[in-house]
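The values are calculated or read from the model by the stated rules, or taken from the named source; none is laboratory data. Note that this is a predicted model, so its numbers are computed, not measured. FYI the Cβ positions are ideal-geometry reconstructions off the backbone, even for glycines, and counts take in every protein chain you see. Remember, those area values only see protein heavy atoms, side chains included, never the ligands or the DNA or RNA. Shrake-Rupley method; radii C 1.70, N 1.55, O 1.52, S 1.80 Å.
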Amino acid sequence: MEPSTTAPSAGGPPPGGSGSPAASGIPGRPGPGEEDRKTRIARYVALFAMPFLMVTMMYAAYVGTMHAPAPKDMPVAVVGSGQVAEQVVAALDVLPGDPVEPRLTASTDEALELLKDREVSGVFEIPASGKGAAVIHTASAGGASQASTVQQLLAPVAAENQWQIATEETTPLPDGDMSGTAVLFAGMGMMLAGYVPLSVAMMGVPFLLTLRRFVPILIGWSAVTSTLIWTILGPVVGAVDGHYLEFLGIGMLTVCAVGMAQLLFTKLAGPLAVLIGMLLWVVLGMPASNLALSVHSMPGFFQWLHGGLPLPAAGEALRSLLYFDNRGIGGYLLPLVFWLVGAFLLSLLKERRSGTMIPAAPPVTDSSTPLPALSGGPVRSFRFRCFTIAAFPLAILIGVVGTMSASMHQPKIHDMPVVVVASDAGQAEQMAKGLEPQLGEMLDLRTGTSVEEAKEQIVEQEIVGAYVLPTSADGPATLYTASGAGSSQQMALQGVFQQVAAGQKIALETNDIKPLTQDDTMGSNSMYVGMSWIMAGFLIMAVLRGGAPELTRTRHFLVKLAGWAVGISVWLWFLFDVLIGAVNGHALELIGFGALTVFCVSLVTGVFTRTFGLAAIIPVMLVLMLAGVPASGGGLSLYMVPEVFQTLHNVLPLPAAVDTARSLVYFDGHGIGGNLLTIGVWGVVGLVLNFVVDLWLARREKKVPGAGAVSVTPDASDTSDTSGSPAADSGSARKDADAFTSDGSRESVPAT
């Protein structure tokens, strides 16, 4: 599957009570209502719980459902009549594990209509006379992995009956979206557009979160973001062709449904709404979506969720629009209408019964009170806060949809290193030269005379495969690969050399020298392990920046980060290995490298969050996570994405983390030294720069007497709520307020 990426919340829980250091204004010094030790500990526990829950929810769901997906009751139409057709249906019905739910249809046309309506996943047309060729009909536009699974399930039945096999595509994917991921990234962008802005608006402009003000804003926002998603996927990337107005309608309905539901959660749960939204829209939505892997290969619970969650509804509606001439689109849009109308009515009821105030949000009713634009930052004008509320989620949306779709929408093999092996060097050279005109751009052809040496190069991951020429006139050629290094590149290479062998009229044998385990049939475990480490590293600094602004020096958080790194790495190993059973063995190595990765990534992230605030999460996430996914080779082969990612593969921490997890499980630790060096360099640079930031902050504090305060000094008429945020002035609006950032910088906030 192609990974999905979600945005972190705009900050952690509010920084304690009104007596916290954040509220008293001077970190580390007693204040009029300084929080006691128990309160401070409780606040830190809450702060560390936020990233713990986010990382756990996401990767428990992804690894748990996708490490070894198995088809279950996949609907298939069998075309035929008589005893042979009934025997085929009976044979499919008793396959071990019940992977198929066959149904007998009388005609091919009827079965193909079911396939186009996506009521069945494939069609098995058996020979009318019981002899000849069987035809397997698929629709890759309804899910590329689903089409492949159908062929794998039906081909053995045809072979048992000694039928030749022909395959036909009724609805192929377009050339601009060969991977079938356009609808996936479009749906993910719509989820982000719906729920991310609420976490920012709750602390910066809570008075806008009333239905009277929020509804018109949401409508305009949904139009802007839907247009932006279409622009990225269409004119920019080329994965979507036309259909703007229909795409806009689906996008607006989706963003409005998610945004309205997120508003309801915010009214009920305050800051915790981000966890509820992340759980529903992303964590549960992705396995249930049928957009990456077939929903019929997910546990039954997710098949049930497929009919009710917004991400599956939006994705399937977009598929209907783009690939299936709007077949069944009304049924897919109906859940979005239910979410929109239901959330609106419940929000209206909530406002009428208990008012418009948001739990834990500043109790302000208009724009006259300056508030931070992002948690933990300086107070800002109303205009600047409005800009931030739009710019922050837009930047995340552009990064996720743009980076992921541009790198993965059109996988194309290029420069894949392969060794041609023959007993004679001249014969190997001659074969390589013969293949060069047809395969020169796809393969980086090398030659050799030793099979064992070529196999060692595969283990070292210096090459992807070895094509060994026959040793006798009527002998077969052999292709050596390692699915443990990536199933996508192995399948691509097998497809290439099956054609080569067919052209040479020789048989081809395949030998997988490092096969995937039964607990990692997709080869995606290493990717999710690495991503969980990276996400744990940058999320903790985002939360501490937003919820513990008194931690302003490296010495304040270094020990905390080290403890977090070890603790979360132990937990992730326990989750993946003991609870899920997806990653077996190598406990100490995985915990140790995971702790190092989390710690180093948090140090690098801290340099930017301490300097630029929570806005720095955008470039950090873009570099460490979004660019790291295609550069890692964890989902799609490194030789099937744009060449720039091959360069990034050697310098980014996520590829190093993925390579390490993969090497430990499949390649006996080969290459771990280089990965340790990559992670270590990032950590050392991050540590040094953090001390540089310490010096810079100390210098700024000397220039500004009394620097270090993190809250606005209130007027006599001002009060503070329990979160330490200034309340609205009951009298005239203040004309100006002086504020200090948590880093000690002073800022003048103009009247709004």
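Of the strands (runs of 3 or more DSSP E) that lie entirely inside region 415-504, not one contains 2 or more residues that are of a type in the set (Phe, Trp, Tyr). The single condition from (1) open to solvent by 70 Å² or more (accessible area, probe 1.4 Å); (2) more than 30 Å from PHE185 (Cβ to Cβ) that LYS412 fails is (2). Mind checking which residues of region 54-106 are of a type in the set (Asp, Glu) and assigned to a loop (DSSP other than H, G, I, E, B)? Selection gives ASP73, ASP98.
Take the residues in region 103-131 that are hydroxyl-bearing (Ser, Thr, Tyr) and out of contact with any Asp or Glu (no Cβ under 7 Å at 6 or more places or on another chain); name whichever of them is surrounded by the most Cβ atoms within 10 Å (Cβ to Cβ). Quick ask: steps written out before the conclusion?
Restricting attention to region 103-131, the residues satisfying the condition of being hydroxyl-bearing (Ser, Thr, Tyr) are 105, 107-108, 121, 129.
Subsequent filtering for residues that are out of contact with any Asp or Glu (no Cβ under 7 Å at 6 or more places or on another chain) retains 105, 107, 121, 129.
Details: THR105: 22, SER107: 12, SER121: 26, SER129: 7.
Within region 103-131, the match that is surrounded by the most Cβ atoms within 10 Å (Cβ to Cβ) is SER121.
How many residues does region 297-312 contain that are open to solvent by less than 40 Å² (accessible area, probe 1.4 Å) and either within 22 Å of PRO75 (Cα to Cα) or among the hydrophobic types (A, V, I, L, M, F, W, C) (or both)? Walk me through it before giving the result.
First, the residues of region 297-312 that are open to solvent by less than 40 Å² (accessible area, probe 1.4 Å): 297-298, 302, 305, 308-312.
Adding the requirement that they be either within 22 Å of PRO75 (Cα to Cα) or among the hydrophobic types (A, V, I, L, M, F, W, C) (or both) leaves 297-298, 302, 305, 308-309, 311-312.
Summing the residues that are open to solvent by less than 40 Å² (accessible area, probe 1.4 Å) and either within 22 Å of PRO75 (Cα to Cα) or among the hydrophobic types (A, V, I, L, M, F, W, C) (or both) in region 297-312 gives 8.
Considering each residue of region 344-356, count those that are open to solvent by 20 Å² or more (accessible area, probe 1.4 Å), in contact (Cβ under 8 Å) with a residue 12 or more places away in the chain, outside any loop (DSSP other than H, G, I, E, B) and not aromatic (Phe, Trp, Tyr), and give that number. Final tally of qualifying residues: 4. If you filter region 469-488 down to residues that are open to solvent by 20 Å² or more (accessible area, probe 1.4 Å) and out of contact with any Leu (no Cβ under 7 Å at 6 or more places or on another chain), you find that the one that is nearest to LEU636 (Cα to Cα) is TYR480. Here GLY330 passes the criteria (1) of a type outside the set (Asp, Glu); (2) open to solvent by less than 20 Å² (accessible area, probe 1.4 Å); (3) closer than 30 Å to GLU246 by Cβ except the one numbered (2).
Looking only at region 614-634, residues that are surrounded by 23 or more Cβ atoms within 10 Å (Cβ to Cβ) and either outside any helix (DSSP H, G or I) or in contact with a strand residue (DSSP E or B) (Cβ under 9 Å, 6 or more places away or on another chain) (or both) come to 2 in all.
Looking at the structure I just gave you, is LEU596 surrounded by fewer than 20 Cβ atoms within 10 Å (Cβ to Cβ) and either within 17 Å of ALA536 (Cα to Cα) or free of Cβ contacts under 8 Å to residues at least 60 places away in the same chain (or both)? Steps first, answer last, please.
Values: surrounded by fewer than 20 Cβ atoms within 10 Å (Cβ to Cβ): no; either within 17 Å of ALA536 (Cα to Cα) or free of Cβ contacts under 8 Å to residues at least 60 places away in the same chain (or both): yes.
For LEU596, the condition - surrounded by fewer than 20 Cβ atoms within 10 Å (Cβ to Cβ) and either within 17 Å of ALA536 (Cα to Cα) or free of Cβ contacts under 8 Å to residues at least 60 places away in the same chain (or both) - is not met.
Scoring THR365 on the criteria (1) in contact with a Pro (Cβ under 7 Å, 6 or more places away or on another chain); (2) surrounded by fewer than 17 Cβ atoms within 10 Å (Cβ to Cβ) leaves a single failure, condition (1).
On the basis of being in contact (Cβ under 8 Å) with a residue 12 or more places away in the chain, hydrophobic (A, V, I, L, M, F, W, C) and buried (at least 23 other Cβ atoms within 10 Å of the Cβ), does ILE513 make the cut? For ILE513, the condition - in contact (Cβ under 8 Å) with a residue 12 or more places away in the chain, hydrophobic (A, V, I, L, M, F, W, C) and buried (at least 23 other Cβ atoms within 10 Å of the Cβ) - is not met.
Residue-wise test of (1) part of a loop (DSSP other than H, G, I, E, B); (2) modelled with pLDDT under 95; (3) over 23 Å from PRO312 (Cβ atoms); (4) not polar (S, T, N, Q).
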{"position": "PRO216", "(1), (2), (3), (4)": "no, no, yes, yes"}
{"position": "ILE219", "(1), (2), (3), (4)": "no, no, yes, yes"}
{"position": "ILE232", "(1), (2), (3), (4)": "no, no, no, yes"}
{"position": "VAL255", "(1), (2), (3), (4)": "no, no, no, yes"}
{"position": "GLY259", "(1), (2), (3), (4)": "no, no, no, yes"}
{"position": "LEU264", "(1), (2), (3), (4)": "no, no, no, yes"}
{"position": "LEU272", "(1), (2), (3), (4)": "no, yes, yes, yes"}
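Selection over region 199-214 of residues that are touching a Phe, Trp or Tyr at 6+ places or on another chain (Cβ under 8 Å) and assigned to a helix (DSSP H, G or I) gives a count of 4. Within the option set THR510, THR521, being within 27 Å of ARG662 (Cβ to Cβ), β-branched (Val, Ile, Thr) and assigned to a strand (DSSP E or B) holds for one residue only, THR510. Quick one: would you say VAL240 is open to solvent by less than 10 Å² (accessible area, probe 1.4 Å), touching a helix residue (DSSP H, G or I) at 6+ places or on another chain (Cβ under 7 Å), closer than 25 Å to LEU340 by Cβ and not small (Gly, Ala, Ser)? Here the answer is no, as VAL240 does not meet what is asked.
Being open to solvent by 30 Å² or more (accessible area, probe 1.4 Å) and either of a type outside the set (A, V, I, L, M, F, W, C) or more than 30 Å from GLU119 (Cα to Cα) (or both) is the requirement here; does GLY315 meet it? So GLY315 does not fit the description; no.
For region 545-554, the condition holds for no residue, the condition being that it is out of contact with any Leu (no Cβ under 6 Å at 6 or more places or on another chain), in a helix (DSSP H, G or I) and open to solvent by 40 Å² or more (accessible area, probe 1.4 Å). Assess whether THR65 counts as being in contact with a helix residue (DSSP H, G or I) (Cβ under 9 Å, 6 or more places away or on another chain), more than 16 Å from LEU539 (Cβ to Cβ) and of a type in the set (Ser, Thr, Tyr). Spelling it out, THR65 is indeed in contact with a helix residue (DSSP H, G or I) (Cβ under 9 Å, 6 or more places away or on another chain), more than 16 Å from LEU539 (Cβ to Cβ) and of a type in the set (Ser, Thr, Tyr).
Could you check how many residues of region 167-176 are modelled with pLDDT of 90 or more and in a helix (DSSP H, G or I)?
Initial filter on region 167-176 (modelled with pLDDT of 90 or more): 167-174.
Among the residues that remain, those that are also in a helix (DSSP H, G or I) are: none.
Residues that pass the stated criteria total 0.
Consider HIS649 against the criteria (1) touching a residue at least 24 places away in the same chain (Cβ under 8 Å); (2) surrounded by 18 or more Cβ atoms within 10 Å (Cβ to Cβ): it satisfies all of them except one. Which criterion is unmet? Among (1) touching a residue at least 24 places away in the same chain (Cβ under 8 Å); (2) surrounded by 18 or more Cβ atoms within 10 Å (Cβ to Cβ), HIS649 violates only (1). Residues in region 276-296 that are in contact (Cβ under 8 Å) with a residue 24 or more places away in the chain, assigned to a helix (DSSP H, G or I) and either touching a Lys or Arg at 6+ places or on another chain (Cβ under 6 Å) or open to solvent by 20 Å² or more (accessible area, probe 1.4 Å) (or both): LEU279, LEU280, HIS296.
Set side by side, the residues PRO359, PRO372 differ, and just one is open to solvent by 30 Å² or more (accessible area, probe 1.4 Å), more than 23 Å from GLY142 (Cα to Cα) and touching a Lys or Arg at 6+ places or on another chain (Cβ under 7 Å), which is PRO372. If you filter region 52-87 down to residues that are within 10 Å of ARG103 (Cα to Cα) and buried (at least 22 other Cβ atoms within 10 Å of the Cβ), you find that the one that is nearest to the chain's Cα centre (by Cα) is VAL76.
Restricting to region 493-512, give me the number of residues that are of a type in the set (A, V, I, L, M), under 20 Å from TYR639 (Cβ atoms) and touching a helix residue (DSSP H, G or I) at 6+ places or on another chain (Cβ under 6 Å).
At the first step, the residues of region 493-512 found to be of a type in the set (A, V, I, L, M) are 493, 496, 500-502, 506-508.
Next cut, under 20 Å from TYR639 (Cβ atoms) only: 493, 496, 500.
Okay, now just the ones that are also touching a helix residue (DSSP H, G or I) at 6+ places or on another chain (Cβ under 6 Å), so none.
Result for region 493-512: 0.
Evaluating ALA91 against the criteria (1) touching a helix residue (DSSP H, G or I) at 6+ places or on another chain (Cβ under 7 Å); (2) modelled with pLDDT of 90 or more; (3) open to solvent by less than 30 Å² (accessible area, probe 1.4 Å) leaves one unmet condition, (3).
Could you list all residues from region 155-197 that are under 13 Å from ILE396 (Cβ atoms) and open to solvent by 10 Å² or more (accessible area, probe 1.4 Å)? Once the filter is applied, which keeps residues that are under 13 Å from ILE396 (Cβ atoms) and open to solvent by 10 Å² or more (accessible area, probe 1.4 Å), region 155-197 yields only PRO197. On the basis of being touching a residue at least 40 places away in the same chain (Cβ under 8 Å) and under 22 Å from the mean Cα position of the chain (by Cα), does PRO411 make the cut? Yes, satisfied.
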